[in-house]
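Heads up: the structure comes next, in structure tokens.
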Amino acid sequence: MSPHAMRRLRQWHQYLGMFFAPAILFFAFSGGLQVIELHESHDPAVKPAAWIVWMSDIHKHSEAIDRSKRKPRPPQPAAPAGARAAAPERHEEHFQLFKPFALALALVLFGTTLLGMTIALSTRATRRPSLIALALGVVVPAILILA
């Protein structure tokens, strides 16, 4: 590949990275919160913070759900004694081993995205288009979520 083509490829990589950086930060952060289960509570007396639930809804459902308008689910009848659950059993110990990896992934993805943004903005020749791409990366998803 020619030096000119490589330069253009690096620029496209930089601009696309800056455009998607806000979403990467959002999903890495909200995913990390979900890994440590801050988006839900197993205790009915404890409610998770509204902003965490909001981020989780966008992360998991691609929409901000207005929970005040959501119809409550009807109670499920209790399963007869000895009956197997319809869903396959989860092996909690298996998932417990994966959680530290998933949390590390979220932290490293968040950190390396910030590092990439810092590097992109430190290049004087491409700072303005990088800032434009970053601004669009904030505005476009916000419009899509609010629309």
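The values are calculated or read from the model by the stated rules, or taken from the named source; none is laboratory data. Worth saying up front: this structure is predicted, and the values here are computed from it rather than measured. Cβ sites come from the backbone with ideal geometry, for glycine too, and all protein chains shown count toward neighbours.
The residues on offer are 23, 5, and the sole one that is of a type in the set (A, V, I, L, M, F, W, C), in contact (Cβ under 8 Å) with a residue 24 or more places away in the chain, exposed (fewer than 15 other Cβ atoms within 10 Å of the Cβ) and in a helix (DSSP H, G or I) is 23.
Kindly indicate whether any position in the stretch 31-40 is of a type in the set (Gly, Ala, Ser) and at pLDDT 90 or above. Checking the stretch 31-40: not a single residue is of a type in the set (Gly, Ala, Ser) and at pLDDT 90 or above.
Let me confirm something: among 43, 66, which residue is assigned to a loop (DSSP other than H, G, I, E, B) and modelled with pLDDT under 65? Give the steps one after another, and end with the answer.
On the way: 43 fails: modelled with pLDDT under 65.
Answer to the selection: 66.
Has the stretch 90-103 got at least one residue that is closer than 23 Å to residue 22 by Cβ, at pLDDT 60 or above and surrounded by 11 or more Cβ atoms within 10 Å (Cβ to Cβ)? Checked against the condition, which is being closer than 23 Å to residue 22 by Cβ, at pLDDT 60 or above and surrounded by 11 or more Cβ atoms within 10 Å (Cβ to Cβ), the stretch 90-103 yields at least one hit.
Please determine, by comparing only the residues of the stretch 124-139 that are of a type in the set (Val, Ile, Thr) and touching a residue at least 12 places away in the same chain (Cβ under 8 Å), which one is surrounded by the fewest Cβ atoms within 10 Å (Cβ to Cβ). Top of the filtered list is 138. Screening residue 117 with (1) in a helix (DSSP H, G or I); (2) at pLDDT below 80 gives one miss only, at (2).
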